[in-house]
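The values are calculated or read from the model by the stated rules, or taken from the named source; none is laboratory data. Computed from a predicted structure; not experimentally measured. Cβ placement follows ideal geometry from the backbone for every residue including glycine, while neighbour counts extend to all protein chains displayed. Remember, those area values only see protein heavy atoms, side chains included, never the ligands or the DNA or RNA. Shrake-Rupley method; radii C 1.70, N 1.55, O 1.52, S 1.80 Å.
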Amino acid sequence: MFHYTLPCGGFNTLTKLTETGINFDPPVYEQRYCATIQILEDARWVHEIKKVTEFGCAEMRLFQLMRRIETIEHILQVDIDHNLLKGNLCRTNPLVCDFLRQRLGPLRVEVLHGSVADSAEELRDTDAVVALELIEHVYDDVLAKIPANIFGFMQPKIVIFSTPNSDFNIIFTRFNPLLPNGFRHLDHKFEWTREEFKSWCLGITEKYPNYMFSLLGVGEPPPGDESVGYVSQIALFVRKDMLGMLLPEPLKVQPIPDSGGAGYQRLHLVDFPFNKDNRTQEEKIWAEVEIQLYRCTKDEDYYDNDKCMYKMSIVQLLGRLQYLGATRQILDQLLEQHKKPIENGFVLIEEEVEEQEEQEQDLFEEHEQTAPVCSADEENWDT
C-alpha cells in the first residue's frame, strides 16, 4: 500500500442528518466523479494517460468530465447493458461548442458492448481503467476474472475502483431498512466492509506485484460517526513505474485468453474536431514570447524609470516557456533573430503600442479639424 491524497486536497462537502434521512452535498455520485477526475489529472501521470477505458459506463455521465481533459486522446465506454448503451449513444457526440472551441489534440470515443471480465483487442494500450460502483453488481465468477483482465492482460498505468462501504449501512438503517436482498440496491450481489475491500486489493497486488494501491473514499460520515468511514470507498491502483519505482516483472504483450466470451461489439465511434497546430517549435515559442513581453507592458512592476521602458528577466521569461520545451539557446537565438534589445540579462521592451495609439490620436484630431461642417440650411436626415 501507499498513501495518496487528492491533488486538490479533498472536497468541501457537507453531510447532514435530518429527521427523515441523510443528505450529502454535493451528491455522492458527483463526489466520485470529481475524485476520479482529480486522480486522472494528477501531475505525476497526467501526460502519460492517453487512453482511458471506463467499465460500467452506464449513462456516460463521467464521460462529460473526462472529455474535457485535453491530454486524453482515446476513451472507451464499455458496459454489459446493450439497451442502456444504445439509449445514451448521443451523449458521446461532439457538441456545438466543440466545433467553436476545438480541442488542442485529437479525441476518439468508442462505445463498446462487452463484459469487464473479457479480454479483447480493443482494450490493449489502455493507460487508465475506471470502474465506479461496478464490482458489487457482478457475480462471483465474473468478479474472479476482473483482476486477470485488467492487471494481467491490459496492464494499465492506473486503475480506479469504487464500491459501497457496508460499514456505513448502520447509518442508513436508522431511518429505513435495507432492501430485501440486504443491500442498498436490488442488483447488488454483495457489499463489502472496508476490511473486505482492503483484503481484495491486497490479493490483487500479491498476484500482480507491479502495482501498489491506496484506499480513500467520498461521502463523509456525519459528525460523531466517523468510525463507519466513507459511504463509498475507492481503491487507486498505480503501476510502480508511475511512482518512480522499478517494476518487479517486465511488461509483456499478453495474448487474448480463450475465455469463451462473446467478445466486444462496437456500437459507436466518433472523432472530435481539434485544432491541429502545424507551427514549428520555434514559431510556438516566439508566439508565447510576444505574449509574455506584451503582458509586461501592462504591469508597472516591470517598468524601468531610468530607461523609460519596460524590461523582463530572461530567466523569468524562460521559466514561462519551459512547457513548450524552450531552452536558453533557442530563446537567445529567437531574441537575436527578432532584434529584441537585451541588457544585463533583461529583454528591453519598447512602448510600441503607446506610440501607435498616440499616432492614431493625432490623426483623429487632424481629421476633426479638417472635416466639413454641415450648414444649418442643409436637410437633417435624422429627423
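Only one of the numbered conditions (1) open to solvent by less than 30 Å² (accessible area, probe 1.4 Å); (2) assigned to a loop (DSSP other than H, G, I, E, B); (3) modelled with pLDDT of 95 or more is not met by ILE204, and that is (2). The lone criterion from (1) under 23 Å from MET60 (Cα atoms); (2) open to solvent by less than 50 Å² (accessible area, probe 1.4 Å) left unmet by ASP271 is number (2). For region 12-42, the set of residues classified as of a type in the set (Val, Ile, Thr), open to solvent by 40 Å² or more (accessible area, probe 1.4 Å) and farther than 15 Å from ASP225 by Cβ consists of THR20 only. Scanning region 6-35 for residues that are in contact (Cβ under 8 Å) with a residue 60 or more places away in the chain and not in a helix (DSSP H, G or I) yields a total of 10.
Among the residues making up region 332-353, those that are at pLDDT 90 or above, touching a strand residue (DSSP E or B) at 6+ places or on another chain (Cβ under 8 Å) and part of a loop (DSSP other than H, G, I, E, B) are LYS340, PRO341, GLY345. Total residues in region 103-112 satisfying the condition of being open to solvent by 50 Å² or more (accessible area, probe 1.4 Å) and more than 8 Å from PHE272 (Cβ to Cβ): the figure is 1.
Report yes if some residue within region 68-82 is more than 19 Å from VAL270 (Cα to Cα) and either loosely packed, with under 14 Cβ neighbours inside 10 Å or at pLDDT 95 or above (or both); otherwise report no. So far as region 68-82 goes, yes, one or more of its residues are more than 19 Å from VAL270 (Cα to Cα) and either loosely packed, with under 14 Cβ neighbours inside 10 Å or at pLDDT 95 or above (or both). Taking residues in region 159-181 that are open to solvent by 10 Å² or more (accessible area, probe 1.4 Å), and partners anywhere that are of a type in the set (Lys, Arg), the pairs with Cβ atoms closer than 9 Å and at least 6 places apart or on different chains are SER166/ARG184; SER166/ARG194; ASP167/ARG194; ASN169/ARG184; PHE172/ARG184; LEU178/ARG184; ASN181/LYS189.
With the structure loaded, tell me whether THR92 is of a type in the set (Ser, Thr, Tyr) and over 22 Å from ASP187 (Cβ atoms) or whether it fails that test. Considered against the rule, which asks whether it is of a type in the set (Ser, Thr, Tyr) and over 22 Å from ASP187 (Cβ atoms), THR92 comes out as yes. Please tell me if ASP277 is assigned to a loop (DSSP other than H, G, I, E, B), open to solvent by less than 80 Å² (accessible area, probe 1.4 Å), modelled with pLDDT under 95 and acidic (Asp, Glu). Judged against the criteria, ASP277 is a match. The set of residues in region 125-153 that are open to solvent by 10 Å² or more (accessible area, probe 1.4 Å) and under 21 Å from ILE39 (Cα atoms) comprises ASP125, ASP127, LEU132, GLU133, LEU134, PRO147. Quickly run through region 217-268 and pick out the residues that are farther than 22 Å from SER199 by Cβ and either touching a Cys at 6+ places or on another chain (Cβ under 8 Å) or aliphatic (A, V, I, L, M) (or both). Within region 217-268, MET242, LEU243, MET245, LEU246, LEU247, LEU251, VAL253, ILE256, ALA262, LEU267 qualify. Considering only region 227-234, I want to know if a residue exists there that is part of a loop (DSSP other than H, G, I, E, B), of a type in the set (A, V, I, L, M) and under 19 Å from SER162 (Cα atoms). Among the residues of region 227-234, at least one is part of a loop (DSSP other than H, G, I, E, B), of a type in the set (A, V, I, L, M) and under 19 Å from SER162 (Cα atoms), which makes the answer yes. State which residue is most open to solvent (accessible area, probe 1.4 Å) when the search covers only region 207-221 and only residues that are part of a strand (DSSP E or B) and in contact with a helix residue (DSSP H, G or I) (Cβ under 7 Å, 6 or more places away or on another chain). Ranking the candidates gives LEU215 first. The residues listed here are GLY224, GLY263; of these, the one that is loosely packed, with under 14 Cβ neighbours inside 10 Å, at positive phi and assigned to a loop (DSSP other than H, G, I, E, B) is GLY224.
On the stretch given as region 228-244, residues that are farther than 19 Å from PHE153 by Cα and touching a residue at least 24 places away in the same chain (Cβ under 8 Å) total 9. Which of the residues that make up region 245-259 are under 26 Å from the mean Cα position of the chain (by Cα) and touching a residue at least 40 places away in the same chain (Cβ under 8 Å)? Passing the criteria: only LEU251. Among the candidates HIS188, HIS137, the residue that is touching a helix residue (DSSP H, G or I) at 6+ places or on another chain (Cβ under 6 Å) and not basic (Lys, Arg) is uniquely HIS188.
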